[in-house]
Structures are given as structure tokens and as C-alpha cells.
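Below: one structure, written as C-alpha cells.
Every number in this text was worked out from the coordinates using simple rules, so none of it is lab data. The structure presented is a predicted model; accordingly, all values stated were derived computationally and were not measured. Here the Cβ positions follow ideal geometry from the backbone for every residue, glycine too, while neighbour counts run over all protein chains shown.
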Amino acid sequence: MVVWQWIVDTLKTYPELGIFLALAIGFWVGPRKLAGFSLGNVTATLLAAVAIGQLGLTIAGPLKSTFFLLFLFAVGYGVGPQFFRGLGKDGPKQIAFSLIVLALCLVVPYVCALVAGLDLGYAVGLYSGSQTISASIGVATDQIERLGLPAEQAKAYLDAIPIGYAVTYIFGTIGSAIVLAQLGPKLIGVDLAAACAEYEKQMGGGPGGFDAGVFSAYRNVEVRAYRIDASSGLTGKPVRDLFPGLRIFVERVHRAGQILEADAGTTLEPGDVIAISGPRAALVEQVETVVTEVDDKPLLDMPTTMVDVFVRSKDVNGRTLREIADMPATRGIYLRKITRSMIEIPILPETEILRGDILTIAGSTRHVDAAAALLGHADKPVESTDLAVVAAGIVVGGLVGALTYTTGGIPISLSTSGGALLAGLLLGYFRTVRPTFGNIPGPALWLMNTLGLNVFIAIVGITAGPGFVSGLQHVGVSLFLWGMVATTIPLVVAILLGHFVFKFHPAILFGVCAGVRTTTAALGMIQEAAKSRVPALGYGMPYAIGNTLLTIFGMVIVLMLAGGAS
Amino acid sequence: MNAIQGILQAHPEIAFFLVLGLGYLFGKVSLGSFKLGAVTGTLLAGVLVGQFEITLSNDVKQCFFLLFLFAIGFRTGPQFFRGLRSDGLQHATLAAIVAVTGLLVGWFVTTLFGYDAGTAAGLIAGSLTESATIGTAMDAISKLDLAEAEKVALNNNIPVAFAVTYLVGVIGAAWVLSQLAPKLLRVDLAEECRKYEEQTLGSTSSPPAARREFELRAYTVTRASPWVGRTVADFEASGGTRVFVERMRSRGQIVDPTLDYTFRAGDTIAVSGARTTLVEVLESEDTGLAEVDDRDLLNMTGEMIDVVVTNRQLDGLTLVDLGRREAARGVFLRRITRGGVLLGVMPNTVVHRGDVLTIVGLGASVARAVEDIGVADRATDVTDMAVVATGIVAGALIGLPAIRLGGVEIGLSLPVGVLLGGLVCGYLRSMRPRWFGRIPSPTLWIFESIGLTGFVAVVGLNAGPDFVRGVQESGLTLVLAGAITVSVSLLLGVFAGRWLFKMNPGVLLGVCAGGCTATPALAAVQEAARSSVPSIGYGVAYAVGNVFLAIWGTVIVLLVA
């Protein structure tokens, strides 16, 4: 008992420990599967926080907003490229479809709330839970605080949100997955697995891309070691003249126990062991007819690298690859990929390189560095995050978002959180076309995403904790049922609409639906049911739009309900 | 201006990010050959933006601070526990030296400028950045034999002196340790830390080398080859080293061969094996195998992966036995790690449960081997937040209990508890990678970086107005006094550690930062060293420094009064 009292006192003195405790429990319970479904980290953290909130901790506001801004910026940054690419030219059909479904996702919960006579707080909770978009809670909170309600009234609304969310979220997740993966295919009478197999055949193989640690066993460009003897005929002249017509390079020479870095003018002596880089075919079929391959660990252990280079040099602008390949600075480097405006273009000798292109080049570190200096700016994969850009983005977005426009007594603004989201979208997009700043490595983005949201959710839960139980008793069952309605109707309509009106391929359709509703759990179930990864192809762009709009709808639904009430 | 102030006051979180953004910008500014660094930059930005009278709650500060402490602990856990037994006492002694010097210099400066007991206590608390000192000093003042009004005056002097010297202490310690000390010691900090990492951890991560230890090559079996008419099984068993026929092209078709397939002249086989074997054995004249470039045949996915041994049947087997297992076909061992230490890959190396094997091979073979060996530890973007959060909470709960001894609370304190939580988790992760979650290093980086700058930003924001007010009240001599106190004690510690204890400079600077409980200085040192080695020295030193500095509150009051 003394220990318990001590723990309670400690948590009250250090409320930040309460947050971490909620995270610890949430992330431990969240992934556990019960009958094929897991609560998910966010809901588990919320419930843990509600339990901890019963102790009556108080946490100051800025912490919540700080993490929420970090989260929204990361969300925007992650989906930015797809969002703008989608807006650009690809898939206007998917955009139109997404917008219609998203409108339903807003209107159906709104109607449910009106019919059920829910107050503002529960209605927002119903919306965010049934559409499983926890990010909208923060945006809605912002908007409620700006409505100019009496403080007590606003607090009551804010505390009701997590109750509505927690009650409706469970079916929001499980229900979406069941509707999309099980019910949906039956509804439109297709065999999902067969449809995916057919689609894969049509497209010639599944989606590409490697996970970390996975690589192709075939290396197009290799480095091999060869022993030079007097009879080879390669000694005594500069290496640039050894194999005319072949783009292969002598990288290093192992001579009398010493390793020398070679350049174009180096001459070879009998007894040297040399490392040559070049296309595998050239090495195997041409070089090896002249000299004997050997294994030489110290010689071949030279650092290599592959980087994206953002072309800025005026000297290179407008030149063909053939010309650029002859420049001395491009000695020993190999071009893997050219990306222009986010689209990969083919590598041909006559391809012209323009400023703003992104070239993926590989080779020994020494040569790559030299070439990158000539071409422009190397975007090396680093572990560090450009926090200056992150912070600046949030500040500018937040300041823009804070500007308020009042119409009909209702203050409308992007809100600071909306501003941060927008800043993230823009920066994420600029990053892909102008990769000279703002690096955020994947794991760091994941962290800002997850930690940002969950700290926010934990604080929401802890703050709402005291009123949670009574609120649940008050609205529990009926709210759960309304949540089912609000989850199911938009999805069923979406499936029918997508199949009969938009005529999506069934393999893609369910991925698109899951994307619009940003429910990754459902995508997993769909892929399991389809025994294929194809549905993921439809997921990306609708997800980007869905994630952005569903979040902002948190504000919209508050305005709709507040407007309706007044 | 007023509009911006209004927005920032209504949304202090935006002010927070403004400080961070400005801080990283300031951090890149160089003054001569000295760089300000993100930590000092953020602090200055905080003081600047703080002039708008923005208050940000301490919860924000604490949250970021705890994440930071956990992360540095996690990163250095393995080295810390290995070094603790041999170096722990040294770290504690040096920390004590720094703390005692701090008291003596503070006392000397006090007599020099003629400060009263309250200002003296504030000076020591501030310049050595230990707020606990304030509490003990106030306690001591209340027990002095003085008139009530005098006591109140003394008490009021403490926070003023603290506000002024605290910023001096934070910036001074960060600058002295990260910039001045390496120059005075004439060492390349980054290089020294890299050396230390190599000594304690074997080698560090290096860029991919051009040479692949294991390769996949395609050979055509020529008419003259002695292998014509013999089976795949014979071929694979022939050399004494492990080579495998992964697939082959026979009459134009790519097929997966069975072990009893007999080679025909003209078959092209894709063979995986050690590069040395392929180049020196298979490609020698008498094998009748001619290397060819067959892109389609060779185009298979390979995978390199860490696997934790959990299968009981493998415990105690040598690598030779392991290589003979059915599931090991087509899989090659790159590294074997036990308890975070690299073992040599020798034929008779014995494998135990819990070892981490780094294996490489084609996708399907690796998958089969993983199933036989245990659990794969795939590189992902995901952080095991459950471990992070649990480590912080558990560490804090261990750190908080304190014993009161003569008015001074002696305990690990919250920061040391959380640091310890990180150290233990990091250590366990290296020993038991299966149970202890992964934190990818970009994530650790962000914890460390934003964790500390976030903390410092709030410190700056909240201290900003007081600092200006304090300077106006008490003048610049206090700034000077603080600067002397912090730099003399740190420099003495640096030289003692270098010439007396012969510590590695990286670790040494960490110990000095710990001795005067200056966490921002630690981060600045790490930034300058581009390594987390300094935090190895920090843990023990911080705990010792914390206790000493808290006692100094009582001592200085008694000395001056």
C-alpha cells in the first residue's frame, strides 16, 4: 500500500512518467492478437492512458500540441510525394473516386450523430473512431477551442471525444477489414485471388522493390582482380588505352605489397595485381580472355557507394550521357537510374541530362565523390534528420495556420495543426524534386509519426480519464451501434461505386477503398484473402488524399455540427 | 511584432519549434574556428524568443529530456557495462575532482568579489547547473544564526545569481568541453572516439566494399570438363569447401537441379560460394568450367540477415556440424556475434543459443535456414516503443527513491535512473536481441538530438526573461564569476583526466560533463566528436557529481557565513 501510494505520488509529481507508462502499456498490449485482430497501438495507448488518468494527473497543454504538430508534419512529409503526384497527372479517376468516398465518410457519421442526437464531443468521437482517423481528434480539438464556448462546455466536449472514439474505433478497424476483405468480394461477385492472379499476369509480375537487406544476386557492375604478366601485352602503356571501346576502369594496383590508387595515366608492370571495375559482361567476356582472375582481398576491399546526385552544374546541362561519360570526372562511376520530375527515364547513350535531374550513380567512394562534385549535390543517405527544416516547416505552417478568418460568427482557419500538415506535404514533395535539404530518414519519420501521435493520444486519454467511465455508461451501447452504421455504409457504397461506376479492376478496387479510409489493417486482410500483394498498388495515392482530408474533416465536422446547432 | 507575440503566446508550441529552428541555424554559425553547435545555438535562440514572455510547461522539457537520456544510455549500454568494472572508480574520482574544484573556485571568486552567502550559493548552483543546490542552500540559510530579514535577503539573492550564472554555466560547459578542451589537449576528438569504438567493439560499420565475400557466378560446363556425367552432389562435395549449384540452364531452359542430376556438356550452372573458392578452385584450368555472363540465370534475390539462435538442437554444435545440416544448404555465414562481441568464424567455433549469426544466401535458402536456426532480426524502420517507454518508466522509478542524510537527499535521481534504464536496455539488446527491441540508429539520433535541444529550448525560453532581469540587477561581474567557476573546474578536470588518469579524450570529456551535471555539454561534446563514446563516461560521473553538488549548497553557505 505504501508502495502504491508512492507510485501514485510519483506519477502526480512527474506526470511525464504517466505518459511514458501509457505508451509502455499501449505498445505492449497493442500488437497482441486476439482472434486475429489486435487493438493497435493507438487504441491500446488510449485505453491505458484512460486507466492512468483515473489517478488524476494533470498535464499542461503545450506538450500535447508539440507532439501533435510533430506528428502531423511527419504525416504530411511521408505522403507529400504521392499526394502531389496524384494531383499532377496520374489517376484522376482514383482522385475523383476518393473524393466521393471521403465525402461519404464525413456525411454518414454526421447524419448518424444528428439522428442519434449526440452532442458535439461524442459526434466528433464517433467520426474519428468509425473512420479510424485518430489524427482528426487533434484538429477537432483545436477547432472546438476556437468556437468561443464557455470553458466548462468546451471541456465537456473535449472529454467526450475519446469516449466516442474508443467505443466506435474497435468496429471501425475490425468492421472495415471484414467488409473489405470478406463481404466485399461476395457483394460484387468476384474471386479476389483469381482476379489478382489475372492482374499480375496482365502486368507481368508483381510489384517490385526490395526490403532492406535484400539484394539481387546479379550485379551488373563488378570489381574483379587480375594478375598482369609480361605476356598479357597490357604493360607499359597508360591504362586508359588498354581496352579501347570498353567502359571499364582500372581502380587500384597491388604492386610489391603496396596498394596504389590508379588514374587514367597509370602504367602497369609485370607482376601487378589490378582491380578493374566494369559491367559484368565486359569483364567476363572480354577482359578474362586476356588476363587471369585472382582473388585479392585487400585490393578489392575498397569502399563503394551509391548516391542520388541532384544535377546543378551548368557544364552538364543539355549534354548527352555519351558526352558526360567521356568527361574525366566521371571515370569509374556507373549510372543506375535517372529520375526527372519523379519519373524514371531510360538510360540511353543519347539521353540528355538537364539541371534538376536526379542521377543515381554507383562506384568506388573516391570516384563517386569526384563525380558528384562535378554534377551537383550528392544526397547521401545519412542517419541525421534535418531538424532545422522540420522546425522551420512547423513554425511557418503553424503561423499560417494560426491566421483566422471569421465568417458568420464562426472562426475559420487552417489551424496550427492543419498548417503543420500542409507544410509537411509541401516539404515532402519538394524533397523529392529538389533533394538538397530536409532529409528525414525512414526510421526517424516513423518515430515522429508514431511517438508524436501516441504521446498526444496518451495525454488525451489521461486528461479524459476521470469522466470516461461514467460517459461510457451513459452512451455505450447505442454509440457502438451507430459506429457500426457509420463505418459500414461508406465502405459498402464505395465498393459498389468503384465496381459498377468507376469500373476499377477488382484486384485494385479493395486496395483503393482501404487507402481512402487509411486502414492498413484492412489492407493486410485483403492481401491475405487475395494471396497477393497486388491490392497495395491501389493503396498509395488514395491513402495520401484520405489521410489529409480525413484529418482536416475533424475540423469540418465540428463546424457543421456547431453551425447546425446555432 | 505584437501580432506575432500574440500568436506565440497563444500557441507556445510554435514558439518551441521556432526556437529549435533558429537554434539549428545558429548552431551552424562559426565564430573563427569555433562552432556554436546546435545545443548552444538552441539555448541562445531560447533566450532570444523567451523575451516575448512565453511560458512553456516543464512537462515538455521533461519529456524530451527523458527521451534523450534513455537514448544515450541505449546506445552506449554495451560498452558501459564492459568498462564499468575497470573504469568506474576512475570516473567517480575524476567527477569528484571536478566537483570539489568547482566549490573551491566558487568560494575563491566569492571572496574576490565579496558576495554574500546567498549569491555564492546561487553562483555555484548556476555555474555548475545543479538546481538541487538551491534547495540545500536555502535549508542551510534557514538554520543560520541571523535575523529573519537578513535570511530573507540572502534567500532572495540565490535565484537572481542562479538565473544569471545558469546560462553561463550551460553555455560555458558546452563550449569549454566541446571546443576548447580538444584544442588544448591537441587531439582530434572524432578520431579518438572512433579509435575507442574500434578497441571496444571490434570494428565499426564501414561502407560496403567492392568485394563480396560470397558470390554467385555462372559457368558453362565445357565438353572437356571432367564433370560431364557426374552428379550435382559430387560437384558440391568435391572441393572441401562449401559451394552450391543454385540453379542451371539446360537446353535453354532455367531449371532447379536435383542433387542426383548428372551434368551434360553445354549446361550453364549458377554456383554460389566463397569468392576465393570460385576464383581459385572452380576457375582453374582443369575443371573445364568457363565463366559466362548469364543475366537471367543469375537474376535471383539474395538476402543478408541477422538470425538469433533459438533452436535447442543447435546449442553446442560446431560451425562444421552446422554447415552439414540440411537447412544450411546454400547459406553462408558472414559473422557470428555473442553478447555483442564478434567471434572468429572458425570451423570448430561452437554455437550457443542466443548467438547472432549473420548469414547470406539466396532468398529461399536464407528463409529455410532462418526457420532452422531461430528468429530473424530484419532491419526495419520500426522502433520498439514498448521497450523505450518501459525503460524510461522503470528507470525513473528506480532513480527516484532517495535517502535523506543530514538535509541532503542522496539517491540516483531521476535523470540517472532513466539513463540507467537506457544503459540496461541497450546492454540487454546486445546480449538478447530477440527479447529486446530494435531502435534503428536514425531514431536514436533523433531522440538524442531533438531530445536534448527540445529540453534546452524550454530551459532557454523560461530562463530568458530572468536572465536579462538578473543581469540588470546584479551586473556583469556575476557573469564573469560564473564563467570562471565553470571553466576553471572543468579545465582542471580535463587536464587531470588526461595526464593523471590517461583516459581516452572522448570518455574524459563525458566524465567532466557528468562531474558538473551539464547534460547539454555532453550533447555538445558528442556533436563535436560525431560519436556517442563520451556518454560512456557520463553515467557514473553524473551520479557522483549530483551528490557532491547538492551538498555544496550547505557547505558554501557555512563557508561564506
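Quick notes on this structure:
- Computed [θ] at 222 nm, deg cm²/dmol, chain A (DSSP H ≥ 4; -39,500 (n - 2.57); rounded to nearest 500): -19000 deg cm²/dmol
- Three-way shape label, the stretch A:1-69, alpha-carbon gyration tensor, a/c 1.5: oblate
- Label-point gap, in nm, between residue A:327 and residue B:85 - each point 7 angstrom along Cα→Cβ: 5.8 nm
- The slack in the chain from residue A:247 to residue A:145, taken as 0.36 nm per residue of separation less the alpha-carbon distance, amounts to 30.1 nm.
- Placing a label point 7 Å from the Cα of residue A:288 along the Cα-to-Cβ line, the residues of the stretch A:220-240 whose backbone N sits under 18 Å from it are A:220-229.
- Among A:446, A:482, sorting on how many other beta-carbon atoms sit within 10 Å of each Cβ, with the fewest leading, yields A:446, A:482.
- For chain B: relative contact order, % (alpha-carbon pairs under 8 angstrom, 6 or more apart): 30 percent
- Using a simple spin-label model with pseudo-atoms 7 Å out from Cα toward Cβ, residue B:476 and residue B:313 lie 7.9 nm apart.
- The angle separating the long axis of helix B:385-399 from the principal Cα axis of greatest extent in chain B is about 40 degrees.
- Extension gain from residue B:213 to residue B:321, taking 0.36 nm per residue of separation minus the Cα-Cα distance: 36.8 nm
- Number of partner chain Cβ atoms within 10 Å, mean per residue of A:55-63: 5
- Net length gained if the chain between residue A:432 and residue A:182 were fully extended (0.36 nm per residue, minus Cα distance): 86.3 nm
- In degrees, nearest ten, helix B:148-175 long axis to first principal axis of chain B (Cα): 30 degrees
- Number of partner chain Cβ atoms within 10 Å, mean per residue of A:436-445: 5
- Over the C-alpha atoms of the stretch A:438-562, the Rg to Rh ratio, Rh being the Kirkwood estimate, stands at 1.03.
- Applying 1/(1 + (r/R0)^6) with R0 = 35 Å to the Cβ-Cβ distance of residue A:337 and residue B:495 gives a FRET efficiency near 0.05.
- Förster radius 51 Å - calculated FRET efficiency between residue B:55 and residue A:114 (Cβ-Cβ, nearest 0.05): 0.80
- Each Cα pair under 8 Å and six or more residues apart adds its sequence gap; the mean of these over the residue count of the stretch B:252-367 is a relative contact order of 29 percent.
- Förster radius 25 Å - calculated FRET efficiency between residue A:193 and residue A:480 (Cβ-Cβ, nearest 0.05): 0.15
- Our compactness index for chain A, the C-alpha radius of gyration over the empirical 2.2 N^0.38 Å, is 1.20.
- Eligible lysines near residue A:380 by straight Cα distance, threshold 28 Å, same-chain separation 8 or greater: A:297, A:314, A:337, B:28, B:35, B:195
- Overall form of the protein assembly as shown: oblate. Here a/c, set by the Cα gyration tensor axes a ≥ b ≥ c, is 1.5 or more, and a/b is not larger than b/c.
- Qualifying lysines (Cα of each under 24 Å from Cα of residue A:12; at least 8 residues distant if same chain): A:64, A:155, B:61
- Contact order relative to length of chain A, as percent, for alpha carbon pairs under 8 angstrom and 6 or more apart: 28 percent
- Within the same chain, lysines fewer than 8 places from residue A:503 are excluded, and of the rest, those with a Cα less than 18 Å from its Cα are A:93, A:186.
- Likely footprinting exposure, B:141, B:124, A:345, fewest C-beta neighbours within 10 Å first: A:345, B:141, B:124
- Spatial separation of Cα centroids for the stretch B:437-482 and the stretch B:349-365, in angstrom: 46 Å
- Cβ neighbours within 10 Å from other chains - mean over A:294-302: 4
- Sorted by Cβ neighbour density within 10 Å, fewest at the top, the residues B:446, A:495, A:462, B:484: B:484, A:495, B:446, A:462
- Cα-Cα P(r), chain B, percent of pairs per 20 Å interval: 19, 40, 23, 13, 4, 0
- Between residue B:191 and residue B:146, the modelled labels are 5.3 nm apart [label points 7 Å from Cα along Cα→Cβ].
- Gyration tensor (alpha-carbon) shape descriptor, the stretch B:9-75, a/c threshold 1.5: oblate
- Ellipticity at 222 nm from helices only: DSSP H runs of n ≥ 4 in chain B, each -39500 (n - 2.57), divided by the residue count, give -19500 deg cm²/dmol.
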